[in-house]
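Since the structure comes first, as structure tokens, the remarks are kept for the end.
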Amino acid sequence: MDCILVPRGGGTPEPHALRDYALIADGERGALVGPCGDISWLCAPHWHSDAVFAALIGGPGHYSVTPRGRFVRGGYYEEGGLIWRNRWITGTGIVECRDALVLPGDPHRAVLLRRVGAVDGTAEVVVRLEPCAGFGMDTVRDVRREDGSTWTGRNGALRWRWHGAQEARPVRQGFPYHGPGGRAHAESGQPPRSGARDPRRAAR
């Protein structure tokens with residue numbers, strides 16, 4: 001799995017027809033997931049906030065998990081909720097990405113969970129995270145790695161954390177890494193409050 005934290009404007013996915021997107025939500029905000037694994041719309045921390053991911057309308061910002069090479073796309077909701085599974089058939093196997101916003105929703109913090117797994121055979125995916133708060137007006141800054149497994153940074157008035165890319169290293173084009181993977185989650189919101197739920201436990 002290759003993971004890249006894109007500073008801005010790198011590999012932005014092309015918009016799809018609106019009917020091709022799936023909605024995931026937690027009651028406080030919602031995100032749209034495209035058929036190629038691109039989360040291309042998310043306003044945070046609230047429904048009415050500016051977009052952090054705006055690739056849906058041709059703007060900057062997205063969080064994509066996409067198979068490498070050619071694939072046939074599909075997907076489905078898990079029964080009884082808004083957990084979406086993208087499913088891709090590649091030349092070497094079948095891979096799924098399970099996406100959800102953590103419940104119960106926190107009005108001050110969005111927690112986005114993504115779990116990738118091969119259902120059959122083997123498959124390679126490319127992961128790209130490009131947070132662009134304020135519809136792209138705010139740039140990423142203060143990027144650092146904490147306790148060996150978590151990347152943090154700021155985007156305008158928002159703070160964000162990215163877990164699951166512990167082998168990443170900063171370069172000019174992003175943070176690429178090669179290695180095992182399966183689970184990742186990203187958070188974006190206002191400064192954390194004491195007693196907030198640890199999203200790493202929700203991802204288990």
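The values are calculated or read from the model by the stated rules, or taken from the named source; none is laboratory data. Predicted model, so just to flag it, every value in this text is computed and none were measured. Here Cβ is always computed from backbone atoms with ideal geometry, including for glycine, and neighbour counts include all displayed protein chains. Quick note on the areas: whole protein, heavy atoms, side chains included, nothing else; ligands and nucleic acids left out. Shrake-Rupley method; radii C 1.70, N 1.55, O 1.52, S 1.80 Å.
Quick notes
- Residues that are open to solvent by 40 Å² or more (accessible area, probe 1.4 Å) and assigned to a strand (DSSP E or B), drawn from region 84-110: ARG85, ARG87, ILE89, ARG98
- Residue among LEU42, LEU82 that is touching a residue at least 60 places away in the same chain (Cβ under 8 Å) and within 18 Å of ILE24 (Cα to Cα): LEU42
- One residue from GLY81, GLY58, GLY75 being farther than 21 Å from GLU14 by Cα and open to solvent by 20 Å² or more (accessible area, probe 1.4 Å): GLY81
- Taking the criterion of being aromatic (Phe, Trp, Tyr) and in contact with a Lys or Arg (Cβ under 8 Å, 6 or more places away or on another chain), the only residue of region 131-157 that qualifies is TRP151.
- Taking the conditions (1) within 20 Å of GLY136 (Cα to Cα); (2) without any contact (Cβ under 8 Å) to a residue 12 or more places away in the chain in turn, ARG19 satisfies each one other than (1).
- Any hit, region 95-111, residues being more than 12 Å from CYS36 (Cβ to Cβ) and more than 19 Å from the chain's Cα centre (by Cα): no
- Every residue from region 111-151 that is open to solvent by 60 Å² or more (accessible area, probe 1.4 Å) and on the phi > 0 side of the Ramachandran plot: PHE135, ASP142, ASP147
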